[in-house]
Amino acid sequence: MWPTLFKVVGGSLLTFALVWALVLGWWQSNDYEPSRLDLGLYLAALPLALVGGFLLLRGFIDHLKAPAEAAPPAAAALRDDDPLAIASAQTTAAERAFTIALIDGFVLTAGGGSADGTLAAVEDGKRPEPSARLADEAGFPVFAAEVPELEVDAMIERISEENGPLRDWAGREQIMRSFSLLERVIEASGDRLRNILEQAGESVGLRVVWIVPAAWQGMDLQAMKAWLQASFWPDPDKNRLDIAAVPVAGEVDALRVLDDIILRAGRDPSRGELTLLLGAASVVDEQSVEQWAAANRLFSAQHQQRRIPGEGGVALLLASQATAERLELAESVAVGRISAAPRDKPVDAGGRISGKLIEQLVTGLLDVTGIEDAAIKTAVLDTDHRANHLTEALEGLGQHFGHLDPIKNCLAVASTTGDLSPIGGLVALACAKARVLATEAPVLCISNQHDIDRAVLLAMPLPAQPDIKPSST
């Protein structure tokens, strides 16, 4: 330490002496009389700067010469001798390949009273028309996709007679229309559901999952579940009934509920359980129209890149593939887990519209399932007429799905049904199921109706079961 200190002090003094000698000699030869600033700069600051610069340079050189320290191993790194870590990674990879059997899909929209009817309306180019009930603040009719012959008054009357918390909501037309839509799709699913449960007997229970729009703030979920049970399944012990009501904010949130159902069935495929996934939404009432107009969201002749109000209901009947095979449920299709991610900015934020995120999600989905691009003949979208959303989806499909016709094979469901948030993705999936049965090929389902959230999933024909015949010998 001391030799180093002596070298630094000695070198500093020598530097000061040389600088002073040169500066004083230069001033004397030029007969220059320095000021106080000159004395401070040349006799103090300059030698200090030279000494400091030398020390910094030496420290940098010593740092470069020093041997690099070995980086400590990451604590979370997987080790070949860690069986628990390897098992966890394998389990996660296996769960990504889980599928569930979609036994049937029941749909009610302005396009039709079934998935086939809705798809036919989309293919025929049916579009929402001016409403006879709703007008904007200028007095012009509002374009809306309304379900005809909806018995809203009867629903309002029944809810008004309730003694519980739901009675306070009888004046909310949006909610009463949604309840009426829900009633219609449950009734449509009744015969198929009843036949399956009678065939299965006590070996199969019924789980009902109700997708509730998060916009229904203040709704009592327990009261809603009690109403649903009393209205449609008054004997809960008959089929081990379990009802869940799940609030969701958007289409991808609803698809995540479906993903949880797939995960539940995949982790316990022997579980004797049918799941009825329900949802209904309506925004074709005066209050909703006023809110949309105030938020600059409402479609009009002057603003055609805005949303068109719609309404609809959906019921998806689901079971594990083991249960579907055991009960020999015909016309079922397999549905894989979703791949979802948010965009970095809203699709209407301006600038170039990129479909890169959808392309990445689709590529990852096909890698998991092992399905070739060419095997997919149809893409069903939950989006509407807006050019930005359609451009995004088509660009995301363009690189790998050039064989798809943008008009015939890429079907935007909400262009006919209007905005069905948050159940639009589930309606698109029910339509995709119908398309799988019609084409006997996988169908890609894309959710990009939301401003930011994106999701993709596949509906596929169930693998054929081998026809095993008993041997005659």
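The values are calculated or read from the model by the stated rules, or taken from the named source; none is laboratory data. Small disclaimer: the values here were computed from a predicted structure and weren't measured. All Cβ positions, even for glycine, are placed from backbone atoms using ideal geometry, and neighbour counts span all protein chains on display. Protein only, heavy atoms only, side chains kept; ligands, DNA and RNA dropped before computing areas. Shrake-Rupley method; radii C 1.70, N 1.55, O 1.52, S 1.80 Å.
With the convex hull built on the Cα atoms of region 182-309, state its orientation-averaged projected area in nm².
Numbers: hull surface 39.5 nm².
It is 9.9 nm².
Return the calculated 222 nm mean residue ellipticity for the chain, to the nearest 500 deg cm²/dmol, obtained by summing -39500 (n - 2.57) across DSSP H runs with n ≥ 4 and dividing by the residue count. Don't jump to the answer; show the numbers that get you there.
Values: 15 runs with 203 residues, N = 473.
Estimated from H runs of four or more residues: -13500 deg cm²/dmol.
Give me a comma-separated list of calculated 3J(HN,Hα) values for region 18-25, in order, Karplus coefficients 6.51, -1.76, 1.60 applied at θ = phi - 60°, integers in Hz, x for any Gly or Pro.
Listing the rounded values in order: 5, 5, 4, 4, 5, 5, 5, x Hz.
Roughly how many debye, to the nearest 20, is the charge dipole of region 246-353 about its Cα centre, given +1 on each Lys and Arg Cβ, -1 on each Asp and Glu Cβ, and no other charges?
Details: 12 positive and 15 negative charges, 96 e Å.
Once rounded to the nearest 20, the dipole reads 460 debye.
Roughly how many percent of the accessible protein surface of the chain is carbon and sulfur, given a 1.4 Å probe and a whole-percent answer?
Details: 13580 of 24680 Å².
Summing carbon and sulfur atoms, their accessible area is 55 percent of the total for the chain.
Under the rule of at least 5 residues apart or a separate chain, name every residue whose amide H is placed under 5 Å from the amide H of ALA110.
GLU311
Would you work out which of PHE60, LEU134, THR92 lies farthest towards the positive end of the dipole of the chain? Charges go on Cβ: Lys and Arg +1, Asp and Glu -1.
PHE60
Quick check for me: using +1 on Lys/Arg Cβ and -1 on Asp/Glu Cβ, what's the dipole size of region 184-315 about its Cα centre, in debye to the nearest 20?
Working: 14 positive and 18 negative charges, 57 e Å.
My answer is approximately 280 debye.
In whole angstrom, how far apart do the alpha carbon centroids of region 297-334 and region 100-134 sit?
A separation of 10 Å, based on Cα centres.
Treating the beta-carbon of each Lys and Arg as +1 and of each Asp and Glu as -1, no other charges, what is the dipole magnitude of region 146-251 about its Cα centre, to the nearest 20 debye? Working shown, then result.
On the way: 11 positive and 19 negative charges, 72 e Å.
The calculation lands at about 340 debye.
Rolling a 1.4 angstrom probe over the protein heavy atoms, how many square angstrom per residue are accessible across the chain? Mind showing how you got there, number by number?
Details: 24680 Å² over 473 residues.
The answer is 52 Å² per residue.
For ASP419, enumerate residues with amide H under 5 Å from its amide H, sequence gap 5+ or separate chain, H modeled in the peptide plane.
ILE308, GLY310
Within the chain, what's the longest run with no GluC sites (Glu not before Pro) in a DSSP loop and at most 15 other beta-carbon atoms within 10 Å? Give the range, please.
It works out to 162-327.
What Kirkwood radius, in Å to one decimal, follows from the Cα pairs of the chain?
Numbers: mean 1/r = 0.0375 Å⁻¹.
One decimal place: 26.7 Å for the Kirkwood radius.
Going toward the positive end of the dipole of the chain, with +1 on Lys and Arg Cβ and -1 on Asp and Glu Cβ, which of SER114, ALA245, CYS445 do you reach last?
Most positive-ward Cα: CYS445.
Which of LYS408/LYS433; LYS356/LYS433; LYS345/LYS408; LYS126/LYS345 have a Cα-Cα distance over 23 Å?
Details: LYS408/LYS433 17 Å; LYS356/LYS433 26 Å; LYS345/LYS408 30 Å; LYS126/LYS345 31 Å.
LYS356/LYS433; LYS345/LYS408; LYS126/LYS345, as the Cα separations exceed 23 Å there.
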